[in-house]
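Undergrad: Got a structure for you, written out below as C-alpha cells; questions coming shortly.
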Amino acid sequence: MHTVTNTVGATELRARFAARLSDLYGTEVPAYTTLVEASAEVNRRVLEREGVDAERLGSITRVTAERHGAIRVGTPAELAQVARVFAALGMYPCGFYDLRDAHPRPIPVVSTAFRPLQRDELAANPFRVFTSMLVPEDRRFFDEDLERRLKAFLDARRLFPEELLTLADRAVAYGALGAEDAERFLALAAASFALSPEPVDRAWYAELAEISDVAADIGGVTSTHINHLTPRVLDIDDLYVSMQARGIEMIDQIQGPPRWDGPDVLLRQTSFRALAEPRRFREPDGSIGEGELRVRFGEVEARGIALTPRGRDLYEQSVAEVDRRLREAAGATTRQEIAVRVWQERIPATERELARRRLAYFTYRVVDADRARGAEPNLHALTEAGAIAAEPIVYEDFLPRSAAGIFASNLSGAGSVAADQGGAERDISWMSGVIGSRVAVPEEVYAAESAASIAEVGRSLDLDLGLDLGLDLS
Ligand code: OOG
Ligand code: NI
C-alpha cells in the first residue's frame, strides 16, 4: 500500500475560496451573476478587437477569474482574526485608507486590502478583499454613550468560529492543510461571510443608521457578510453601457481616471445598487417580523498601470484641476469631457514617456542582449536600443476617493457628522499593531518589484545600472 500526501497550499486555498465566495454571492445577489456574464462578454469583445494588446495589463485568464471582495468588521480584535484567515490564503494587508473625512460623504471606517503581494501569486490568483473597520471612538460620529453600547454589542459577538481560526493558524504554520482540513476550513470561511438569517434588532439598527448606514451594517447585526464581489473588465465603458442595456441602473459615473487615448493608470470603478434583500427583524415588543435591507451592491473595475509617488502627485493635481474646472463650468459640460482635456494637457500619452519621467512602475527584461553593445548603460538608452523592454506593473490596490464615492452612491440615508468634534487618530502603523504584522505600503511593493527586475537586467547584461537610470528626474 502506498500513501498519497494530499495537501492544499495557500495558493490553491485562495483560488478555491474565491470561487466559493463567488458561488455564494451569486445565489445571494442574482444581479452579480448578470454582472459576471456581462463582464466575460466585454472581455471577449476586447480580445477580439485588440488581440494580444488586450492582454498587456493581464492575461485574459487572470482577468476573467479576477475578483475583489469587500467586507466590514467592527473591532481591532475582529480585524486581527480576519487577518489570520486571509494569511492562510496567502493574502496580506496592503495599504491604509482613512474614509472618515472622505467626500462626498464621510464614512466612519478605516480600511486596508488583503491581497497576494508577489507577482507569481497574483498571476496564479489575484483575489483580494477590501476590509473596513468601524471606529466607534470617533466623536465626529459617535458620542460617548453610543460608543460604549456599540463596543459592548461588538464585543459580545463572534464573527469567526474558533475551529476556523485554528485551521487558519495551522495552514500558516505548515504552509498547507490536509485535504479534509482544507475542505472544512473553506466551508467555515465561506459560511462566515454569508448573510445571516439571525433577526436584526430594528431599533438598534435604526439608531446606528441615523448616523451612518455603514455603521448600522457593521454594528447593527451580529455577523459580517460579503458586501460585494467585483469582477475586472478590460473595457469598463463598454461594461457600463452593456449593464444599462440589460436594464440595470448604474451609478451616474465611472470613478477614477477618464476614458482617453493614452495609457490607463490606476483604477476605474463603477457600481449599481443591488435590490433590497429580505431580512428578519426583532421588533421593540420582542416579536419577529419581516422587512428588507438594501446594503449590498454590484461593482466592476478596470485596472491600469501603478503610479510612482511622483505620478500619483501628478494624478491628484490633475483630479483637483478637473474639480476646479467642473465647478467653474457650472453644469455647461461633463466631468468626463473636462477630465479628458486635463489628461491630454498633463498626463503623458505613452507608456514610454511615463517610464522616462518615472511617473509609473515598470519591470524590465532583456530582449536582445546584442543590442546592448554600444548603448549607454542606462535603462532609457537600453530600451531605445531595443536591448531591453519595459512591461507595465498593474495597480493592484484601491483609491480612497473612489472607495468613498462607491460607499456614498450606495447609501440611502444622509447620516450625521459633528465636524467640530475630534476624530480618533488612526494610521498605517496603528493598523499594523492591531493586525500584529506590518501593513505593506503599495508603492514600496511596486518599487521593489521594479528594482528587482532592473538588478536582474544588470546581472544578465553584466552592466552596473546603479542609480543612473537615464530617466528624467526633473
Ligand atoms: C467598500 C467600498 C470601497 C472599493 O472597491 O473601493 C470598495 C465597502 O463598501 O465596504 O469596495
Ligand atoms: Ni469594491
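The values are calculated or read from the model by the stated rules, or taken from the named source; none is laboratory data. All values reported here derive from a predicted model rather than from experimental measurement. Quick reminder, even Gly has a Cβ in these numbers, built from the backbone with ideal geometry, and neighbours come from all protein chains shown. SASA here: full protein model, heavy atoms, side chains in, ligands and nucleic acids out. Shrake-Rupley method; radii C 1.70, N 1.55, O 1.52, S 1.80 Å.
Undergrad: Sort the range 1-125 into rounded, prolate or oblate with this rule: let a ≥ b ≥ c be the square roots of the eigenvalues of the Cα gyration tensor; rounded if a/c is under 1.5, and if a/c is not under 1.5, prolate when a/b is larger than b/c, oblate otherwise.
TA: oblate
Undergrad: Per the Cauchy relation, a quarter of the hull surface: what is the mean projected area of the convex hull of the alpha carbons in the range 7-72, in nm²? Show your work: numbers first, answer last.
TA: Details: hull surface 23.9 nm².
Seen from a random direction, the Cα hull of the range 7-72 projects 6.0 nm² on average.
Undergrad: Excluding Ala419 itself, what net charge comes from residues whose Cβ is under 12 Å from its Cβ, given Lys and Arg +1 and Asp and Glu -1?
TA: Details: positive: Arg100, Arg139, Arg140; negative: Asp101, Asp138, Asp420.
That sum, taken over residues with Cβ under 12 Å, equals 0.
Undergrad: Enumerate the calculated ³J(HN,Hα) couplings along the range 337-344 in order (Karplus 6.51 cos²θ - 1.76 cosθ + 1.60, θ = phi - 60°), each rounded to whole Hz, writing x wherever the residue is Gly or Pro.
TA: My calculation for the range 337-344 gives 4, 5, 4, 4, 5, 4, 4, 5 Hz in order.
Undergrad: A further question follows. Using only the Cα atoms of the range 175-228, what semi-axes does the equivalent ellipsoid have when each is the square root of 5 times a gyration tensor eigenvalue? Give whole Å, largest first.
TA: Semi-axis lengths for the range 175-228 are 32, 11, 7 Å.
Undergrad: Something else: Could I have the simple spin-label model distance between Ala156 and Glu48, label points 7 Å from Cα toward Cβ, reported in nm to one decimal?
TA: That separation, rounded to one decimal, is 5.8 nm.
Undergrad: In Å, what Rg and Dmax follow from the Cα atoms of the range 123-246?
TA: For the range 123-246, the Cα-based Rg and Dmax read 18.8, 49 Å.
Undergrad: Along the Cα→Cβ direction, 7 angstrom out, place labels at Glu163 and Ala245. What is the inter-label distance in nm?
TA: 4.8
Undergrad: Show me the three semi-axes of the equivalent ellipsoid for the range 223-364, from the C-alpha gyration tensor (sqrt of 5 times each eigenvalue), largest first, rounded to whole Å. If you can, show how the numbers build up before the last one.
TA: Working: eigenvalues 289, 67, 46 Å².
They are 38, 18, 15 Å, listed largest first.
Undergrad: If you don't mind, there's one more thing I want to ask. Could you give me the ³J(HN,Hα) list for the range 100-114, computed from phi with Karplus coefficients 6.51, -1.76, 1.60 and θ = phi - 60°, whole Hz, x at Gly and Pro?
TA: Listing the rounded values in order: 6, 10, 6, 9, x, 9, x, 10, x, 9, 10, 9, 9, 10, 8 Hz.
Undergrad: How large is ³J(HN,Hα), in whole Hz, for each residue of the range 438-443 in order, when computed from phi with the Karplus curve 6.51 cos²θ - 1.76 cosθ + 1.60 and θ = phi - 60°, using x for Gly and Pro?
TA: 3J(HN,Hα) across the range 438-443, in whole Hz: 5, 6, 5, 9, x, 4.
Undergrad: Assuming 0.36 nm per residue, please report the length gained on full extension of the stretch Ala419 to Asp464 beyond their Cα-Cα distance.
TA: 10.8 nm
Undergrad: Out of the total accessible area of the chain (probe 1.4 Å, heavy atoms of protein only), what percent is carbon and sulfur? Kindly include the intermediate steps, with their values, before the conclusion.
TA: Values: 10740 of 20950 Å².
Of the solvent-accessible surface of the chain, carbon and sulfur hold 51 percent.
Undergrad: DSSP loop (so not H, G, I, E, B), at most 16 other Cβ within 10 Å: list which GluC sites (Glu not before Pro) in the range 406-453 pass both filters. Kindly include the intermediate steps, with their values, before the conclusion.
TA: Details: sites: Glu425, Glu443, Glu444, Glu449; in loops: Glu425.
Here the sparse-neighbourhood loop sites are Glu425.
Undergrad: First check a/c for the range 112-170, with a ≥ b ≥ c the square roots of the eigenvalues of its C-alpha gyration tensor; if it is under 1.5, answer rounded, and if not, answer prolate when a/b is larger than b/c or oblate otherwise.
TA: Values: a/c = 5.18, a/b = 1.78, b/c = 2.91.
Verdict is oblate for the range 112-170.
Undergrad: Round to the nearest 10 and give me the degree value, 0 to 90, for the angle of helix 162-174's Cα axis relative to the longest principal axis of the chain.
TA: 20
Undergrad: For the range 318-361, I need the span (max minus min coordinate) of the C-alpha atoms along each principal axis, in Å, sorted largest to smallest.
TA: For the range 318-361, the Cα spread along each principal axis is 37, 14, 13 Å.
Undergrad: Along the Cα→Cβ direction, 7 angstrom out, place labels at Arg352 and Ala447. What is the inter-label distance in nm?
TA: Each label point lies 7 Å from its Cα, and together they span 2.8 nm.
Undergrad: Within the range 147-179, which residues have the backbone N less than 14 Å from the label spot 7 Å out from Ala194 along Cα→beta-carbon, could you tell me?
TA: 161
Undergrad: Let me ask something else. If you take the Cα atoms of the range 411-456, find Rg, then find the Kirkwood Rh from the mean of 1/r over all pairs, what is Rg/Rh? Walk me through the numbers before you get to the answer.
TA: Numbers: Rg = 18.5 Å, Rh = 14.5 Å.
That ratio is 1.28, to two decimals.
Undergrad: When the gyration tensor of the chain is built from Cα positions, what are the square roots of 5 times its three eigenvalues, in whole Å, from largest to smallest? If you can, show how the numbers build up before the last one.
TA: Numbers: eigenvalues 302, 158, 96 Å².
Its equivalent ellipsoid spans semi-axes of 39, 28, 22 Å.
Undergrad: Give me Rg/Rg_expected for the range 298-446, where Rg uses Cα atoms only and Rg_expected = 2.2 N^0.38 Å with N residues.
TA: Details: Rg = 20.7 Å, N = 149, 2.2 N^0.38 = 14.7 Å.
Ratio of Cα Rg to 2.2 N^0.38 Å: 1.41.
Undergrad: Give me the accessible area per residue for the chain, probe 1.4 Å, as a whole number in Å². Spell out each step's value before the answer.
TA: Values: 20950 Å² over 474 residues.
Normalised by residue count, the accessible surface of the chain is 44 Å².
Undergrad: Using only helices, what value at 222 nm comes out for the chain when you add -39,500 (n - 2.57) per DSSP H run of length 4 or more and divide by the total residues, to the nearest 500 deg cm²/dmol?
TA: Details: 18 runs with 214 residues, N = 474.
Calculated mean residue ellipticity at 222 nm is -14000 deg cm²/dmol.
Undergrad: Quick check: the angle from helix 202-211's long axis to the longest principal axis of the chain, C-alpha only, nearest 10 degrees?
TA: With both axes taken from Cα atoms, the answer is about 40 degrees.
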